[in-house]
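The values are calculated or read from the model by the stated rules, or taken from the named source; none is laboratory data. These numbers were taken from a predicted model, which means no experiment stands behind them. Please note: Cβ atoms are built from the backbone with ideal geometry, for glycine as well, and neighbour counts cover all protein chains shown.
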Amino acid sequence: MSTSYSTSLQIALMGDGDQSSTWGDTTNTNWNLMEQAVTGVTGISLTGLTTRTLLTLNGTSDESRNIVLVFTGSPSAAVTITAPLVNKTYIVTNNTSQIIYMYATGGVVSLAIPAGTTAQCYCDAAGVNGSTGFYSAMTSSAGNFTISGNLAVAGTDTQLSNFAAAYVGSTPALGAYTGATFTGYISGTTLTVTAVSSGAIYPGQVITGTGIGAGSTTSLSNALTTSSGSPTVSVTQPSHGLTTGNSVTITGASAIGGLTNANLTGTFVVTVTGVNTYTITSVGSVSATSTVTNAGGVITVVIPATEVLSYISGSGGTGTYLINRTQTVSSTTITGSQGAYAITPNPGDNSQNIATTAFVQNALTVTGGGSVTGVNTGTGLTGGPITTSGTISIANTGVTASTYAYPASVTVNAQGQITAISSGSAGAVTAVNATTPLGSTGGSTPSIYLASYTGSGAVVLASNPTLTSPTLGIPASVTLTNATGLPLSTGVTGTLSTSNGGTGASSLAGAGIATVSANNSFSGANTFSGINTFTGTYNTFNNTLNVGGLNPYGYSYVANWGLFARVPGSSNGAALVADASQYSGSLALTCSIGATSSGFVNFVYGSFGTPFNPVIGSISQTGGGTGTAYNTSSDRRLKTNIVDYSNSGAVIDAIKPRSFTWVKTGLADTGFIADEIQQVIPNAVNGEPNAVDENGNPKYQALDCSTPEMIANIIAELQSLRKRVAALEAK
C-alpha cells in the first residue's frame with residue numbers, strides 16, 4: 001500500500017511495508033504535526049489584502065494546521081480568510097482594524113470576527129449544523145460567568161430580566177445611562193472627539209450628525225449582476241449613501257449566474273462604483289459561470305448605522321474611537337444614543353462577581369419606561385430644577401412689545417435676550433450743499449436749483465431725448481467725435497472728399513466718381529462694371545487678387561502686369577482658381593496672345609520677393625500662332641556630370657503598359673499606373689501612393705509621360721535597338 005494522508009490534519013498514514021528504513025522519521029514528523037494542531041500558534045499579516053488562503057500541505061508544517069491564528073497588519077478592507085473544508089477547531093485573534101470572515105473552500109456558512117476580538121470557532125465539513133462552513137464555538141456559557149473588566153455584547157440581550165434579578169445592588173443604575181452630545185470628525189474608521197457637551201461616549205453607541213452614514217433596511221428587486229469568470233457582483237441600490245470599505249448584509253438572493261444563495265448571503269465589504277451602484281465579492285470568492293444582468297429576485301439589504309466599536313485613545317471623553325463604517329466627515333455636532341447602557345455596581349456588593357465600575361451592553365433591549373431624575377434651568381430660564389414634571393419658561397425681560405423709531409438704542413444680554421430698548425430721534429435737515437451747476441437755498445427747508453444755464457424752456461434730462469424745441473441752431477464750428485442718427489439725407493450740403501471717406505463728388509452718377517491711385521484693399525463681394533482703371537502698384541480683392549498697374553517688383557523681363565494672384569496664408573492655398581463647372585460649354589481659362597507674343601504662361605521657381613528667379617518652364621505658341629509648346633528647362637548651364645545613359649533596357653522592361661477602366665466614367669482605356677511607374681521613373685509621377693488630405697479625402701497621383709526622363713529612356717533604347725539591327729543586317 002502507498003502512503004496516504006488524514007483528512008483534517010494531513011498526517012501521513014503509512015501502508016503495510018511502506019517507507020522501509022524511514023518510517024521512524026515519518027512517525028516523528030506526524031507527532032510534530034499533532035503537536036502543531038494542538039498547540040500551534042502562527043501569525044499572519046493581512047496588510048493591503050482583502051482575501052487570504054491558508055497554506056495547507058500534506059505531511060509537513062503549514063498554516064491551516066495551527067490551532068491559534070493571529071491576524072495582524074493593515075488590510076485595505078474586510079478580509080475573507082479561506083481555510084480547507086475539513087473538521088477543525090480554531091482560536092482566531094483579529095488584531096487588525098477590519099472585519100475578518102472565516103470561510104471554508106466550498107462551504108456555505110462564513111463567520112464574521114470583528115476587529116480587535118478573539119473568537120473560538122470550528123469548521124463543520126459534514127454539515128452537521130445543517131450547512132457546511134464555519135460556526136462560532138462561543139454562543140453560550142453554562143454556569144456562572146465572571147467578568148473582570150468591561151463586557152461588550154454585540155447583539156440584543158434577551159435575558160435582561162434574569163440579569164436584572166441577579167443584580168441585587170442598585171438596579172436603577174440601568175436608567176442612569178445617558179447619551180452624549182459632542183463635537184468631532186471622522187476619517188476612515190476613526191472618530192476623533194474634540195469636545196464633549198454632555199454625557200459620555202461608550203462602545204455600542206449609535207452616532208448621528210451631519211454627513212454621518214445612517215442605517216437602513218431596503219428591499220430590492222432583481223438588483224444583482226454577475227460577470228462570467230469573476231467573483232465580483234454588482235448591486236444596484238438607488239442613493240445608497242455608502243463609501244468604499246463599508247459593509248452591508250444581504251439575504252434572500254436567488255441563484256444567479258452560477259452563484260448560489262449561499263454565495264450571495266452574508267455581510268459584504270462594498271466597493272462604490274456610483275451613487276446608485278456598488279460591488280461585492282461572493283462568499284468564498286466563487287466566480288460566476290455566466291454573465292447575468294438585473295436578476296437575483298427580491299433581496300434584503302441592511303446598511304448598519306454608524307456605531308462606536310471600541311476605544312482607541314478616548315475613554316468616554318475627548319480622544320479617538322474605532323467605528324464600524326468607513327467615511328469622511330468634517331467637524332460637526334454629533335449625538336450618541338441608543339445601544340449602550342452603563343451599570344454601576346453598588347459599592348461593597350460583589351454578589352454579581354462584577355469587579356469593575358462599568359458594564360457596557362451594546363444594543364441592550366430595555367422593556368418598560370424610565371424616569372427623568374433632574375432637569376436644571378440656566379440663565380434666562382425659569383421653572384427648574386424639575387425631578388418629576390414641570391414647565392420651563394423663558395424669563396421676562398420687561399421689554400414692551402412695540403415698534404421703535406430709528407435710531408433705537410438696544411441692550412442685549414449674554415443669552416441673546418433684549419433687556420432694554422428706546423427710540424431715537426432722526427432730527428431735521430439744516431443744510432444741503434450743492435456744487436455747480438446746482439445751487440441750494442439752505443435753511444431748515446432747503447431747495448436745490450439749476451444755478452448756471454442759458455436760454456429758456458424746460459431742461460431735457462432723458463438718456464435719449466427728442467429735441468422738438470428749441471432747435472440746436474447753427475454753430476460757428478463743431479467737432480463730432482461720436483454722433484449717430486444725423487440726418488445725412490437732408491440738411492447736408494457740399495462735397496465730402498475721398499480723404500475723409502467720401503466719394504469726392506456730389507453725385508454718384510457718371511464716370512470718374514472715384515480714382516484709385518494707391519494701394520487699396522477690397523473685401524467682401526465687389527462688382528466692377530464698365531471700364532475701371534486701377535493705377536496703384538497693386539490692388540487687393542479679398543486679399544487674393546491684384547489687378548492692373550505696373551510691375552510691382554520691377555523685373556526687367558516683365559515690364560507690366562495684366563494680372564497678379566498670390567496665395568494669402570502660409571500653405572494649402574490657390575493663387576488663382578478658374579471655375580467653369582457651373583455651365584456647360586464654359587471655358588475655365590482663355591489666354592489670348594498676339595503674333596509677336598513670346599508665350600502664354602511662364603513658370604518661375606521661388607518667391608517674387610527675391611531679386612532673380614529663372615523661368616523653369618513655360619507654355620508658348622509655335623509656328624507663328626499655329627500651335628502650342630509645353631517647355632521645361634533643359635539648358636546645359638543648368639546641368640553637371642553629363643554622361644551617356646546606358647540603363648534604358650532595364651527601365652523599358654520594368655515599365656508595364658496596362659489596359660483598364662476608369663472608375664468615374666466606366667470607359668475602357670490603355671496607359672500606365674502611376675504607382676507602378678513611380679517605382680521605375682519617380683520623376684514622372686507627382687504624389688504618393690494612397691495619400692489622403694487632412695480630412696481623409698484621397699490625393700490622387702498624376703503621371704506625365706512627356707518628362708525628359710521618360711523620353712530619354714525611349715530614345716536610348718531605340719538607339720540601342722538600331723545599333724543591334726544594323727549589326728545583324730551587316731552579317
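Only one of 286, 292, 302, 308 is surrounded by fewer than 17 Cβ atoms within 10 Å (Cβ to Cβ), in the same structural domain as residue 248 (by TED's automatic domain parsing), touching a strand residue (DSSP E or B) at 6+ places or on another chain (Cβ under 8 Å) and not charged (D, E, K, R). Can you tell me which? I'd like the intermediate steps shown before the answer.
Values: 286 fails: surrounded by fewer than 17 Cβ atoms within 10 Å (Cβ to Cβ); 292 fails: surrounded by fewer than 17 Cβ atoms within 10 Å (Cβ to Cβ); 308 fails: surrounded by fewer than 17 Cβ atoms within 10 Å (Cβ to Cβ).
Residue meeting the stated conditions: 302.
How many of the residues making up region 251-267 are touching a strand residue (DSSP E or B) at 6+ places or on another chain (Cβ under 7 Å) and hydroxyl-bearing (Ser, Thr, Tyr)?
3
Within region 41-61, take every residue that is modelled with pLDDT under 90 and of a type outside the set (Val, Ile, Thr) and give me the one that is farthest from residue 113 (Cα to Cα).
To start, the set of residues in region 41-61 that are modelled with pLDDT under 90 comprises 56-61.
If we keep only those that are of a type outside the set (Val, Ile, Thr) too, we end up with 57-59, 61.
Details: 57: 25, 58: 28, 59: 30, 61: 25 Å.
The extreme case among them is 59.
What do you reckon, is residue 269 buried (at least 17 other Cβ atoms within 10 Å of the Cβ), under 22 Å from residue 134 (Cβ atoms), under 26 Å from the mean Cα position of the chain (by Cα) and among the β-branched types (Val, Ile, Thr)? Write out each step before concluding.
Values: buried (at least 17 other Cβ atoms within 10 Å of the Cβ): yes; under 22 Å from residue 134 (Cβ atoms): yes; under 26 Å from the mean Cα position of the chain (by Cα): yes; among the β-branched types (Val, Ile, Thr): yes.
Yes.
Residues that are modelled with pLDDT under 65 and surrounded by 10 or more Cβ atoms within 10 Å (Cβ to Cβ): does region 409-429 have at least one?
Pass one, region 409-429, residues modelled with pLDDT under 65: 426-429.
Keeping just the survivors that are surrounded by 10 or more Cβ atoms within 10 Å (Cβ to Cβ) gives 429.
Checked region 409-429: at least one residue is modelled with pLDDT under 65 and surrounded by 10 or more Cβ atoms within 10 Å (Cβ to Cβ).
List every residue pair whose Cβ atoms sit under 8 Å apart, with the two residues 6 or more apart in sequence or on different chains, where the first one lies in region 101-127 and is assigned by TED's automatic domain parsing to the domain that holds residue 323 and the second, anywhere, is among the charged types (D, E, K, R) and part of a loop (DSSP other than H, G, I, E, B).
Here the result reads none, with nothing in region 101-127 linked to a residue that is among the charged types (D, E, K, R) and part of a loop (DSSP other than H, G, I, E, B).
Determine whether region 688-702 contains at least one residue that is assigned to a helix (DSSP H, G or I) and either over 30 Å from residue 615 (Cβ atoms) or within 60 Å of the chain's Cα centre (by Cα) (or both). Steps first, please.
First, the residues of region 688-702 that are assigned to a helix (DSSP H, G or I): none.
The answer is no; no qualifying residue exists.
Name every residue in region 179-214 that is more than 29 Å from the chain's Cα centre (by Cα) and surrounded by fewer than 14 Cβ atoms within 10 Å (Cβ to Cβ), in order of residue number.
Across region 179-214, the qualifying residues are 194, 195, 197, 198.
Out of all the residues in region 659-687, which are more than 25 Å from residue 645 (Cβ to Cβ) and not in a loop (DSSP other than H, G, I, E, B)?
Going residue by residue through region 659-687, those that are more than 25 Å from residue 645 (Cβ to Cβ) are 659-670, 687.
659, 660, 661, 668, 669, 670, listed by residue number.
I need the full set of residues from region 231-259 which are in contact (Cβ under 8 Å) with a residue 24 or more places away in the chain, part of a loop (DSSP other than H, G, I, E, B) and farther than 19 Å from residue 326 by Cα, in order please.
Hits for region 231-259 are 231, 238, 252, 253, 254, 257, 258.
Tally time: how many residues in region 629-646 are touching a residue at least 12 places away in the same chain (Cβ under 8 Å) and either aromatic (Phe, Trp, Tyr) or within 11 Å of residue 716 (Cα to Cα) (or both)?
So the count comes out to 3.
Any chance you could count how many residues in region 303-322 are closer than 17 Å to residue 183 by Cβ, part of a loop (DSSP other than H, G, I, E, B) and not β-branched (Val, Ile, Thr)?
Just the residues of region 303-322 that are closer than 17 Å to residue 183 by Cβ, to begin with: 306, 308, 313-314, 316-321.
Adding the requirement that they be part of a loop (DSSP other than H, G, I, E, B) leaves 306, 313-314, 316-318.
Now restrict to residues that are not β-branched (Val, Ile, Thr): 313-314, 316-317.
Residues that pass the stated criteria total 4.
For residues in region 120-134 being of a type in the set (Gly, Ala, Ser) and in contact with a strand residue (DSSP E or B) (Cβ under 6 Å, 6 or more places away or on another chain), which is nearest to residue 102 (Cα to Cα)?
Within region 120-134, the first condition is being of a type in the set (Gly, Ala, Ser), and the residues that meet it are 125-127, 130-131, 133.
Pick out the ones that are also in contact with a strand residue (DSSP E or B) (Cβ under 6 Å, 6 or more places away or on another chain) and you get 131, 133.
Working: 131: 15, 133: 9 Å.
Among those residues, the one meeting the criterion is 133.
Regarding residue 670, is this residue without any contact (Cβ under 8 Å) to a residue 60 or more places away in the chain and out of contact with any Ser or Thr (no Cβ under 8 Å at 6 or more places or on another chain)? Lay out the reasoning, then the answer.
Details: without any contact (Cβ under 8 Å) to a residue 60 or more places away in the chain: yes; out of contact with any Ser or Thr (no Cβ under 8 Å at 6 or more places or on another chain): no.
Answer is no for this residue.
If you take the residues in region 246-257 that are buried (at least 17 other Cβ atoms within 10 Å of the Cβ) and not aliphatic (A, V, I, L, M), which one is farthest from residue 79 (Cα to Cα)?
Selected residue: 257.
Go over the candidates 9, 55, 33, 46 one by one and state the one that is of a type outside the set (S, T, N, Q), in contact with an Asp or Glu (Cβ under 7 Å, 6 or more places away or on another chain) and closer than 28 Å to residue 102 by Cα.
Values: 9 fails: in contact with an Asp or Glu (Cβ under 7 Å, 6 or more places away or on another chain); 33 fails: in contact with an Asp or Glu (Cβ under 7 Å, 6 or more places away or on another chain); 46 fails: in contact with an Asp or Glu (Cβ under 7 Å, 6 or more places away or on another chain).
After applying the criteria, what remains is 55.
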